[in-house]
Amino acid sequence: MNNVFHPDIVAENGDLIEGTGREGQKSIDDFLKAEEYFNKVKAPKFYVLGNHETEGLSKEDWQKITNNESTYYNIDIGKMRIIVLDANEKKEQGETDRRYRYFSDKQLGWLEELLRNSGDFPYKIVFSHYPLLGDQENHAKTIYPEDLARINELFTNYKVNAVFAGHTEQLRLEEIDGTKYFTLPGVDKSKTMQIRWLRCFYEIYVGEEVKVEMFYKKDSNQEKYEKLIIPSEEFDKIEK
């Protein structure tokens, strides 16, 4: 990152730690250990709250470690507005279904107002740990359909350029009404999937078109990274 890429900003898109069964101080210590490496990057950084953090940390702990006043927020860089979402919420009213992840009405209202006031930003991108696509029923904890429909409508109406997600460990790109939805594998967990993607990281270019360069290994002992440009003819052909 420091010697080759010189990024404008670096994103960590959730599940930086495995919090399952490691509640409390153990997960705090895990996160702080990961921070030792992440802080070596000589560029501004931001964090997205993943489900594995919430299984080991309180949101208050996460906010304190990451220096965030909220679990959802925005960052503006030049002509680009970056929006970070948190789908680890509950509805303020009514029953919640354990099959789904939710956005609170408060967060959805915040998102709509933020996008309404983003006219000065020609480039708008969103980071969400969970894919914001409607056909994720085969995965645990998909987004509540009513919340998802509202979010997709907002992205269309306010011309969001791209949305970046992880969680499912799949490699995917869908375009809906002009918004590109990228689902990207992570560093390690996808080794258990049918298609192996290991040590993955990405360089994102944002302009009139959004392009992603994916760096990955098919074997953890592989010396050099392979590279895949998304979208491209190679991406269309590769097994996913």
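Every number here is computed from the coordinates shown, using simple stated rules; none is lab data. Everything numeric in this text was worked out from a predicted model, so none of it was measured. Here the Cβ is made from the backbone with ideal geometry for all residues, glycine too, and neighbour counts use every protein chain on show.
Converting phi to 3J(HN,Hα) with the Karplus coefficients 6.51, -1.76 and 1.60 and the offset θ = phi - 60°, segment 106-120 yields 4, 5, 5, x, 4, 4, 4, 5, 4, 5, 4, 9, 10, x, 7 Hz in sequence order, with x at every glycine or proline. Residues whose amide H comes within less than 5 Å of that of Arg81, counting only those at least five positions distant or on another chain, are Tyr123, Lys124, Ile125 (H built at 1.01 Å from N in the peptide plane).
Most simply put, segment 72-187 has about 40% antiparallel DSSP beta bridges, counting only bridges with both residues inside it. So what's the back-of-envelope 222 nm ellipticity for the chain, counting only DSSP H runs of four-plus at -39500 (n - 2.57) apiece and dividing by all residues, rounded to 500? Result for the chain, helices only: -6500 deg cm²/dmol. Considering only GluC sites (Glu not before Pro) in DSSP loops that have at most 11 other Cβ atoms within 10 Å, the longest stretch of the chain without any of them is 138-207. The chymotrypsin sites (Phe, Trp or Tyr not before Pro) found in segment 147-237 that occupy coil by DSSP, while having at most 16 further C-beta atoms within 10 Å, are Tyr225.
Computed from the alpha carbon atoms alone, the convex hull of segment 72-187 holds 102 Å³ per residue. Among beta bridges identified by DSSP and lying wholly in the chain, the antiparallel ones come to about 55 percent. Of all lysines in the structure, those lying under 30 Å Cα to Cα from Lys237, and not within fewer than 8 positions of it along the same chain, are Lys124, Lys141, Lys159, Lys180, Lys189, Lys191, Lys211, Lys217, Lys218, Lys224, Lys227.
Rounded is the label for the chain. Its Cα gyration tensor axes, ordered a ≥ b ≥ c, give a/c under 1.5.
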